[in-house]
Structures are given as C-alpha cells and as structure tokens.
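Accompanying notes for the structure given below.
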Ligand SMILES: Nc1ncnc2c1ncn2[C@@H]1O[C@H](COP(=O)(O)OP(=O)(O)OP(=O)(O)O)[C@@H](O)[C@H]1O
Ligand SMILES: [Mg+2]
C-alpha cells in the first residue's frame, strides 16, 4: 500500500514558537497510528499541523503523494482529512442530528450508518448538543467527523474524561472503524495501554521530538520500555 500521509523533518508551532522539532511520520493507507506522550509534549500540535492549524516552519507534509504544506484547513478537509478535536466542540444549540448534518459530505458514511455505529445517538437525535452525556458528545464528535467521509481520521484524546464503561463502548467502535472500514486513523491518547490495543503502529513524543516509532505490539510486549519512553 502506498503512504497516505508522509511528514518529513517537520518543524512547527504557533507563530514564532516552535513546538515540533524534526518530526517524521509515514502512514500507509488503511493503517492506524497511536501518538503517545505526556502532557504538553506536542501531540495536539502534531494533529493541528497535519490539519493546517499551526505555523509550519520547515519540512514537508504530503498527502497521497502531493504536498499539502501550503493548503488551508478547508482544502485539506476537502481532500479527505477529518479531525475530532480534544474537548469535542459540539454545537450546543444544534440538535444531535443537526450537529451531524452540518458536516455531511458525499460518501459511504451517512446519518443511518453513524446511528448504526453509535445507537445512543439515534435515540437522542432531537436532543440539543448540550443535553447529552459526555460519552454521547464524544460519539457525536466522532460521528460528525465520519459524516465528512474522511480517508484520514485524526482523533485527539477521544476517551478523555469518560467513565470506564463508556470507554469500552467507544473503544469497540474505534476498533471497528480501524479494522473494518477503509479508514486510516491517528489516535492521540493518554492511556498507552488502550491506544496500543487498537493500533498497528505507535509514535512516542517527548518535548516535540519523536523518541520511538514502531509497531504497537513491540511496546505492548514491553511495558517497562513503554514506561521509560513516556517518562523521559
Ligand atoms: N495556541 C498555542 N499557542 C502557543 N503555544 C501553544 C499553543 N497550544 C499549545 N501550545 C504549547 O505547545 C506545547 C505542546 O502543546 P500540545 O497541546 O501540543 O501538547 P499535548 O501533547 O497535546 O498535551 P496534552 O496531553 O495536555 O493535550 C506546549 O508547551 C503548549 O504550551
Ligand atoms: Mg493535547
């Protein structure tokens, strides 16, 4: 499979501030990558840089073999990038269904399929965005990204702050998305254990640098090394 996304020597940040230093990443079509690391190491900045939310100071970002480094966010969305932001950003004064419909782009993902993946959303379709639980809001945030029919789905801590039983439900849905749909996924997660369970490859960041890149199974099998990498 050819690479869907390729970052080489990426330096990026906010205005003059550089957060990411020399980040390389190669993501094959239909593969999945976990991005791990402690608070503030640059995980959100990495996703933001792929989407076009940050300032790129150097290096290149290629999507389907073409440079997207200079493209604005909406052009990247049009090419098939989807983003589930940390903190969900549900529209509070729209209903669940309206939150989904605003993101609609033609493709295999439809309202019915999103409701099939997340049945609680179907039951709450007429509720306002701020009248549903945290877990339902997270389902809605992922469902809304799917409505845009992305080829590349970037998720920023989708399990953050959720009760364990909801985490299990969402994790099962993520697993289904990653294994059964023709999606390429990047999952930023605080819980290394959970992220390594559902992804094929993993990247560990520390202070804006890549300190590990390899198969998830390798770190799954070596908790000591994992702990060392994340604690550096
Ligand atoms: N909008 C911004 N402007 C300037 N600096 C920022 C901005 N957002 C984040 N930073 C800085 O960039 C660095 C990396 O932040 P980032 O949000 O990417 O970390 P993170 O790994 O996602 O952390 P967390 O696990 O807490 O979500 C931090 O030092 C942070 O203070
Ligand atoms: Mg973050």
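Condition check ((1) in the same structural domain as residue 159 (by TED's automatic domain parsing); (2) loosely packed, with under 15 Cβ neighbours inside 10 Å; (3) in contact with a helix residue (DSSP H, G or I) (Cβ under 7 Å, 6 or more places away or on another chain); (4) at positive phi) across all residues:
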{"site": "62", "(1), (2), (3), (4)": "yes, no, no, no"}
{"site": "67", "(1), (2), (3), (4)": "yes, yes, no, no"}
{"site": "72", "(1), (2), (3), (4)": "yes, yes, no, no"}
{"site": "75", "(1), (2), (3), (4)": "yes, yes, no, no"}
{"site": "100", "(1), (2), (3), (4)": "no, no, yes, no"}
{"site": "103", "(1), (2), (3), (4)": "no, no, yes, no"}
{"site": "106", "(1), (2), (3), (4)": "no, yes, no, no"}
{"site": "110", "(1), (2), (3), (4)": "no, no, no, no"}
**Prompt:** Take the residues of region 23-45 that are assigned to a loop (DSSP other than H, G, I, E, B) and within 13 Å of ligand 1 (Cβ to nearest atom): which is surrounded by the most Cβ atoms within 10 Å (Cβ to Cβ)?
**Reply:** 37
**Asked** Taking the stated definitions as given, is residue 92 over 12 Å from the mean Cα position of the chain (by Cα), outside any helix (DSSP H, G or I) and surrounded by fewer than 19 Cβ atoms within 10 Å (Cβ to Cβ)?
**Response** yes
**Request:** Kindly list the number of the only condition in (1) within 16 Å of ligand 2 (Cβ to nearest atom); (2) at pLDDT below 95; (3) farther than 28 Å from residue 218 by Cβ that fails for residue 107.
**Result:** (1)
**Complete:** How many residues of region 116-132 are without any contact (Cβ under 8 Å) to a residue 24 or more places away in the chain and within 20 Å of residue 158 (Cβ to Cβ)? The answer is 4
**Item:** Residue that is nearest to residue 142 (Cα to Cα) [pool: residues in region 49-86 that are within 16 Å of ligand 2 (Cβ to nearest atom) and touching a residue at least 24 places away in the same chain (Cβ under 8 Å)]
**Value:** 84
**Asked** residue 146 passes all but one of (1) within 27 Å of residue 4 (Cα to Cα); (2) more than 13 Å from the chain's Cα centre (by Cα); (3) assigned to a helix (DSSP H, G or I); which number fails?
**Response** (2)
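To keep it simple, each residue is scored yes or no on (1) in contact with a helix residue (DSSP H, G or I) (Cβ under 9 Å, 6 or more places away or on another chain); (2) surrounded by fewer than 24 Cβ atoms within 10 Å (Cβ to Cβ); (3) not in a loop (DSSP other than H, G, I, E, B).
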residue: 153; (1), (2), (3): yes, no, yes
residue: 160; (1), (2), (3): yes, yes, no
residue: 165; (1), (2), (3): yes, yes, yes
residue: 168; (1), (2), (3): no, yes, yes
residue: 176; (1), (2), (3): yes, yes, yes
residue: 186; (1), (2), (3): yes, no, yes
residue: 193; (1), (2), (3): yes, yes, yes
**Message:** Residues that are loosely packed, with under 15 Cβ neighbours inside 10 Å, on the phi < 0 side of the Ramachandran plot and part of a strand (DSSP E or B): does region 215-226 have at least one?
**Reply:** yes
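The values are calculated or read from the model by the stated rules, or taken from the named source; none is laboratory data. Keep in mind it's a predicted model, so treat the numbers as computed, not measured. Cβ: placed from backbone, ideal geometry, glycine included. Neighbour counts: every protein chain shown.
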